[in-house]
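S.K.: Input: one structure, supplied below.
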Amino acid sequence: MDHPTEIVFRGVVFKRNPDASDRAHRVYYTSERGGPGSLHRAIWRAHNGPIPSGLLIHHIDGDPFNNSPENLAAVSPAEHSEAH
């Protein structure tokens, strides 16, 4: 499946670079420097409020392109490591 390289969420442009050597840059959408960071974290905050201190936002189904609120969970770093 072909995924867009740019997504606009709440007026903020999030981009990914499908040609990057680093996997994170290929699959995660991020805003410009000084913006709200990654798309999945922005979506979590929009639907759930602030991310609890010390927790990471995890894609439940393992698909970093599935940023639906139902697919995002706040987990500890240990839980995140176990999932990956």
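S.K.: Of the conditions (1) outside any loop (DSSP other than H, G, I, E, B); (2) modelled with pLDDT of 95 or more; (3) over 9 Å from the mean Cα position of the chain (by Cα), E79 fails just one. Which one is it?
M.R.: Status for E79: all satisfied but (2).
S.K.: F65 is checked against (1) free of Cβ contacts under 8 Å to residues at least 60 places away in the same chain; (2) under 25 Å from V13 (Cβ atoms) and fails just one. What number does that condition carry?
M.R.: (1)
Results for (1) within 16 Å of H84 (Cα to Cα); (2) among the polar types (S, T, N, Q); (3) touching a Phe, Trp or Tyr at 6+ places or on another chain (Cβ under 6 Å), shown as yes or no for each residue.
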| position | (1), (2), (3) |
| --- | --- |
| I7 | no, no, yes |
| K15 | no, no, no |
| R23 | yes, no, no |
| Y28 | yes, no, no |
| S31 | no, yes, yes |
| H40 | no, no, no |
| L55 | yes, no, no |
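S.K.: What tally of residues in segment 1-49 results from selecting those that are open to solvent by 80 Å² or more (accessible area, probe 1.4 Å) and farther than 20 Å from I60 by Cα?
M.R.: Going through segment 1-49 one residue at a time, the tally reaches 10.
Residues checked against (1) farther than 18 Å from E79 by Cβ; (2) at pLDDT 95 or above; (3) of a type in the set (A, V, I, L, M, F, W, C):
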| position | (1), (2), (3) |
| --- | --- |
| G35 | yes, no, no |
| W44 | no, yes, yes |
| H47 | yes, yes, no |
| P52 | no, yes, no |
| D63 | no, yes, no |
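S.K.: Output the residue which, of all residues in segment 50-59 that are in contact (Cβ under 8 Å) with a residue 12 or more places away in the chain and either open to solvent by 40 Å² or more (accessible area, probe 1.4 Å) or over 9 Å from the mean Cα position of the chain (by Cα) (or both), is farthest from H25 (Cα to Cα).
M.R.: My answer is P52.
S.K.: While we're looking at this one, here's another question. How many residues are out of contact with any helix residue (DSSP H, G or I) (no Cβ under 6 Å at 6 or more places or on another chain) and open to solvent by less than 30 Å² (accessible area, probe 1.4 Å) when one looks only at segment 60-75? It would help to see each step written out before you state the result.
M.R.: Residues of segment 60-75 that are out of contact with any helix residue (DSSP H, G or I) (no Cβ under 6 Å at 6 or more places or on another chain), as a first pass: 62-63, 65-66, 68, 70-71, 73-75.
Remaining after also requiring open to solvent by less than 30 Å² (accessible area, probe 1.4 Å): 71, 73, 75.
Of the residues in segment 60-75, 3 are out of contact with any helix residue (DSSP H, G or I) (no Cβ under 6 Å at 6 or more places or on another chain) and open to solvent by less than 30 Å² (accessible area, probe 1.4 Å).
The values are calculated or read from the model by the stated rules, or taken from the named source; none is laboratory data. Being a predicted model, the structure only gives us computed values, none of them experimental. As a convention, Cβ positions derive from the backbone with ideal geometry for all residues, glycine included, and neighbour counts pool all protein chains shown. SASA here: full protein model, heavy atoms, side chains in, ligands and nucleic acids out. Shrake-Rupley method; radii C 1.70, N 1.55, O 1.52, S 1.80 Å.
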